[in-house]
Each structure stands twice: as C-alpha cells, then as structure tokens.
Amino acid sequence: MKRYLLIIYILVIIAMAVATIVEKYCGTDFAHSHFYGSWWFSLLWAVLTAGAILYFIRRKVKRFSIIALHLSFVVILAGALLTHLFSRNGIVHLRLATPTNTLVVQRDDNSTAEEKLPFSITLNSFNIDYHDGTRAESDYVSSFTVSDGNRNVAARVSMNKIFEYRSFRFYQSSYDEDMQGSILSVSSDPYGIPVTYTGYAMLFFSLLWMLAAKRGPYRTVLRRAALSRVAMSAAIAVAALCSLPGKTRAATVLPRETAEKFGELYILYNNRVCPLQTFAIDFTKKLYGKPSYKGLTAEQVLTGFIFWGDEWCSEPILKIKSGPVKETLQLPDYCSVNTFFNSDMGGYIIGPYVEEFYNGNSDKFHKQVADIDGRIQLVMELRHGSSLKIFPTTDHATTTWNSPVDKLPSYVGTREAVFIQNVFPLLYKDAREANSWNMNETLGNLLKYQRKNAGTSLPTDTQVRAERMYNAFPFATVLFMLNLTMGLLSLMVTIYRLNSSMGSRKKQSGKPALLKRTVSGPWWNRSALAVMLLSFASLTLCEALRWIIRGKVPMGNGYETMLFVAWLVMLLSLVAYRRFHIILTFAFLMSGFFLLVSHINLMDPEISHLMPVLNSPLLSIHVSIIMMGFAMLSITFICGVTALLSDFLSGFGGRSDRSVIDGQMDGLRLLSLLFLYPALAMLGIGIFVGAIWANVSWGTYWSWDAKETWALITFMLYAIAVHSASLPWFRKPKFFHIFMVLAFLSILMTYFGVNYFLSGMHSYA
C-alpha cells in the first residue's frame, strides 16, 4: 500500500506542475477547467487522502503530534471541497449614484450569468490616493451604501481592507477610466473559509509541535552526537582575477564639488521624491553598467549630458552586451549615442528594428535593440529636460513636480514662474563660463525653493542621509564577491586539512578521523568568523538603509528578497556556528550565490513605492517566513552537493577509507535534517499566512496561482524526505543527498521560474 500511496502522491505533484505550464500557453480558464477544477484532479486528492487515513490506521500511529499534523491537511482539503461546492464569486459593477443588486458570476464552462444580491449597493465616491507629490498610487478607495430593506449601511473598501455584510465579502478590484465607476469583487464562502482556517491553525500548531516535541523526530536529530563533528570533503577550485579599467579624461564636466551640489537637489524619479544623486547613479549605471565613468562621479556624468550634451553624445559610454545586435551591426563593447545616428543610413539606424519590436517581433535581437533604444531615449529625455522634474509647486496640500519644459499649473505665481524659467539659463551660462561660485549660489537658491514649495512630499532628513549613505557603497556587489571568494577559500583550506588527516589516521575514538570539530584549523575558523560578522553587519546596514528609505520592510521585489534570503543564510550560520564550524563555508557560498543572483538583469535594485495590493503587513510576514524556509533549504542543497562531490572524489588518490566517507556523508545528512525540519515548518506557516493575505487582498485564500501552486509542490517534495520511517531509502545518505539536490530545483522554479517564465498574480514579484 505504501508504494501505491507514494505513486498517487507523486502524480498529484506532477499534475500541479503540468497545470502551471499549461496555464502559461492555454490560459487560466483552460487550466482551471481541465486540471484544478476537473473530476480526475479532485479524485486524485480524494484517493490520496483516503489512502493516507487507511495507512495511518494500518500502521496504528499513536503519536498525537503526527496525527494532528496529517489531520490538518485532511481538514484543509475538506474546507477546499466545501469552497468548491458552496462558494459564490463574482463582480459588482458600480456607477456613481446608481443603485445595483446584480452580481455577475462566472460558471464552470467560462460563461457568465447574472444573479441577484439580497440587497442593493449605491456608489457614493471612488478615489485614488497618491503618495505625496507623485503619481504613484497608494490606494484605491470605494465608498458606498448598502441598502437592505429599511436598513442603510455605510461601507468603505480599499486595497487590503475589505467590507463584509451578511455572508458576502467585498474587495476592491478595478475601476472605470472616467473615475465615475468602481468594480468590486464579491465572494460568499460561509462554510469553506472557517473549515480551511481551522485546518491552517491545526497545521500551524502541529508544525511547531513537531519541532518542540521531546520525543519527536527533530529533537531526535538534535540529540545525535555526530552533529557536533560534521566534516566535509570536496574539491572545488576557481580562480578569478579582475582588472580595473584605466582612468582617461572624458568630455567636459563640472568640478566634482559643484556636481555634488547639483546631486543634493531633489527630483521626482521612479514615482518618488529622492535626492538627484540617486537619479544620476541610476542614469550612469543604465548607460555604462557602473556608477562611475572614467574616474568621474555619476553627478558629473549627468551634468555633462545636461550642459555639454553634444560632446557627451560622442562619448563611448553605452555598454553593448554580447549578442546578435553586436554581431550584426559590428559594434564595439562601448558605443556613443551618435553611433546610432547616421544620415547616410537613414538617420536612426536601429529605428526600423525598434518599430518591428513594438509590432510584436520579440526575438533576442529585437529585445537587445529595444534595450539600446531605451537607454538612448534616457539621454534624449535628459537633454530635452523632460526627465528633470525638480520644480515643486503646491496648491491646497497637493504637490506637483515639474520639469523645465512642463507647462506650469495656473496657480503658480509670477515670481515663482520667473524663477523656474530662469534657473537653467543661468546654470547653462555659468557652466560654460566655468563660474562655479555663481553656479553654487544658484543651486543653493534652487534647493531653498524646493524645500519651501514641496509641501509634505520631501523625504525626511533621516531618509536623505540614509539614501546618500546607501548610494555611497555598492553593498551587494562587494559582498557577493567577498562571500563567494571566502567560500571557495574555505573549501580549499578544508580540503587541504582533510587530505592531510586522511593519510595519517583513519579513525578516532570510534568515529571517522575526518569527523572533528575544527576541520579547517582554529586560525582559519576565527578569520572566517570575523569576515562573516563583517559581511553580516554590512548587509544588515544595507537592509536597514533600504527600510528607512522606502519606509516599509524591504521585500517588495525580487532584488530585495534575494538580499533578505542572503541575510537569513548568514544569520542562521552565525547561530549554528558554535556547534558546526563547517556551516560558515556553506553560508559564504549560498549567501554569495544569492547576492550574485540579485545582480542579474531581471532584478531591479531601484527603490520605489509598493503597489497598493502589496502594502500589507501580512505580506511582509508571509515573505519573511517563506524566505527563511528557502534559506534553510539552500543549506540542505549545499550539504547535498558537498556530500556527493566528496563521494565522487573519494575514489581518487587511493587513500580514502570508505567508512570515513560514509560517516562524513551521514554527518552531512544529519546537518541537512537539522535545517530541513524547521524549513518545512516555515514553508507550511508561510503558506498559511499567504492564504490569509490572499483572502484579504484577492477574495480567495487559494486560487491555484502559479506561485502558490509551486510553493505547495516545494512543500510536498521536501516533506517526502522526513518520512524516513516509512521510506527507508532516505536513511541512505547518498540517496538522501541526491534527492535534496534535485528538490532544490523546485525552489528555483518557485522563485525564478514562476516570476520570469510563467504567469499569474505573483508575476510582479
């Protein structure tokens, strides 16, 4: 029976994985009707549940913590069934001052039907709230009245703030372009939600119980004496040398001090008000790939394009990536803006390709063309002045930031208008005459003007200082190079020490000779610990600065979550270091890897306001817990890789004792288990919190979105590995490590694959 139960379990996982891919190419409705909502998918879950119950009865399982844990899944599935059978979901389209009681629902065959609500709803107002001085939405708010017979109830719905009346829950979904109408999602699930939430609560407490139970499997792992003597043997050799480019003189620029004073101004950029220095750094990095150019600061590069645009358009500052564009057009590594303008070739030489891209041709060549075109447009917008929104005007607590070429609002007084119109002509004149004193005075007056007229839109002094400190040091870049280097060095030192010991003695006190506390030597352990503490403190400072700048927990995009999971890996290693010195090696490698991943092109390091739907404390808790689980599982992955490499390399040299290698692999298995159990608890609790957030934000606690589906797949895959009592293969270290390495692919799919290759409500992450 055990074998058949495992087969059904794996079939469920495969079905969910296939469904997410089918959804990508056939649409959400098709995936829900042919997979998630199909009779055979429900039958698989039913058979799996019934089989698990029967297996528990036959095995006569008596440990209450284990029974409660598995019973929680039965309750959750029962709640899902009740939701499927009895829930009602639809939308209500409201127009201003027009009562309606019509609910539009979608049937299983994807057709729509109208149903009557037992009350009517009248929209009183719909408003979009913006962050001060920006056009970045902070919230969408619908105010309406529910009329139920002689009873009138005032209601208000916004993002993450629902309204519940009788058995109906109302969520802000969308709105009409004319701002005279609002679209509300409506759900009614009187039976499924209470049952499912009960199951989630049981899961929450049983997972914690699993970790705390005195006779439970996790406490058993902790008592294994061998854990304090885990060692490692692997062979990884990497050498990397980086040369710094020489600093040659570029085009005409402002003196550094004057350029820095320009960077002290404020600008509306990326839908938030920030120091102009931030805009300059992002501008330079987008063009050149680095925050400086030939020894010049980002502020000098930016002001160079502003005041000496013709010169700088001839400067080879556009970095051209390897690929079909570079090969087809025979471009060098760095080009000037003028390279792409040639009258003999019809003007803008990539113009036809750009047009083809926006007409739907999105192969690699055209994507690269679009990237180059986007960077050239940045230069054009800067030279035109449209991107320099540095002039705030405020009327009735509403602030608008204007560029030098914008038409000023009608409420702007003559004196202010004259000042705005004359600032840049004066700056141009002083720049070309090299009159730094006058220029500094004009910039000082402009800064005073900003502080006077920006209302409440300016960041606080603390936020400005934090952002300037953040801009001054490339935390992630330095730390990923440092941590990866230290990880590789630690491996090499460990390998050397291990090989030295293997030739002299095979066993020590009944245990393999390799199993000793300080494999790499006390001096190296102290050095590695010092570097880890420095790296952890630096990344903590980076996270704190981004928190201060944003004003929210920095977990709003892929870049920030990569930083967070790297931080968690380092934190976990420092907590476990006293008992397991070898953990530092793993932590250096994995944190360095996550920091390296944060640099890939799809990761956006820019700090911006969160989408309204993401502005929820539940989201921060959900992401934090999930990322903590992923961090722990990353350590199990590196343990697996290390063990398999150790096993593979044990056949070379002729000095390896099989018992030594086996003991070492078992020690790494125990170390993996030490992190696997709490990681499963974190994933389970994280999914539970995420379900609550989804219910508050989207009106449903589970919608088979690709991200949540793959999170469930990941949880189910790793859960297999803790069933060693029923599955003896997992008591074999080699099989266990192979499984942990392969299972890590589900994490990569959950985090990266869903975001960049699939679709769904989490595609913004």
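Among residues of the range 255-271 being farther than 15 Å from VAL464 by Cα and not aliphatic (A, V, I, L, M), the one that is surrounded by the most Cβ atoms within 10 Å (Cβ to Cβ) is THR258.
Here is a yes/no grid of residues against (1) surrounded by fewer than 13 Cβ atoms within 10 Å (Cβ to Cβ); (2) out of contact with any helix residue (DSSP H, G or I) (no Cβ under 9 Å at 6 or more places or on another chain); (3) closer than 18 Å to ILE267 by Cβ:
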| position | (1), (2), (3) |
| --- | --- |
| LYS407 | yes, yes, no |
| VAL412 | no, no, no |
| GLN421 | yes, yes, no |
| ARG432 | yes, no, no |
| ASN440 | no, no, no |
| GLY455 | no, yes, yes |
| ASP461 | yes, yes, yes |
| ARG465 | no, no, yes |
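Taken over the range 695-706, residues that are buried (at least 21 other Cβ atoms within 10 Å of the Cβ) and in a helix (DSSP H, G or I) amount to 3. Consider TYR140 against the criteria (1) more than 30 Å from the chain's Cα centre (by Cα); (2) surrounded by 16 or more Cβ atoms within 10 Å (Cβ to Cβ); (3) farther than 30 Å from SER33 by Cα: it satisfies all of them except one. Which criterion is unmet? Just one mismatch for TYR140, condition (1).
Taking the conditions exactly as written (in a strand (DSSP E or B), over 33 Å from the mean Cα position of the chain (by Cα), modelled with pLDDT of 80 or more and not acidic (Asp, Glu)), does ALA52 satisfy them or not?
In short, no.
Checking each residue in the range 366-399 for being of a type in the set (A, V, I, L, M), within 29 Å of PRO324 (Cβ to Cβ) and in contact with a helix residue (DSSP H, G or I) (Cβ under 8 Å, 6 or more places away or on another chain) picks out VAL369, ALA370, ILE372, ILE376, LEU378, VAL379, LEU382. Assessment of the range 579-594 against the conditions (at pLDDT 85 or above, crowded, with 22+ Cβ neighbours inside 10 Å, not aromatic (Phe, Trp, Tyr) and not in a loop (DSSP other than H, G, I, E, B)) yields no matching residue. The number of residues in the range 44-86 that are at positive phi and surrounded by 13 or more Cβ atoms within 10 Å (Cβ to Cβ) comes to 0.
For every residue, the table says whether it meets (1) more than 22 Å from ALA681 (Cα to Cα); (2) at pLDDT 85 or above.
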| residue | (1), (2) |
| --- | --- |
| PHE168 | yes, yes |
| SER173 | yes, no |
| GLY199 | no, yes |
| LYS214 | no, no |
| PRO217 | no, no |
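Among the residues of the range 713-729, write down those that are surrounded by fewer than 18 Cβ atoms within 10 Å (Cβ to Cβ) and under 26 Å from ASN755 (Cβ atoms). Residues satisfying the conditions are MET716, ALA719. Just one of the numbered conditions (1) assigned to a loop (DSSP other than H, G, I, E, B); (2) of a type outside the set (D, E, K, R); (3) without any contact (Cβ under 8 Å) to a residue 40 or more places away in the chain is not true of ASN438: (1).
Restricting attention to the range 442-453 and to residues that are more than 20 Å from THR398 (Cβ to Cβ) and of a type in the set (S, T, N, Q), the residue that is surrounded by the fewest Cβ atoms within 10 Å (Cβ to Cβ) turns out to be ASN445.
The values are calculated or read from the model by the stated rules, or taken from the named source; none is laboratory data. Predicted model only: the values in this text are computed from it and were never measured. Note that each Cβ is placed from the backbone with ideal geometry, even for glycine, and that neighbours are counted across all protein chains shown.
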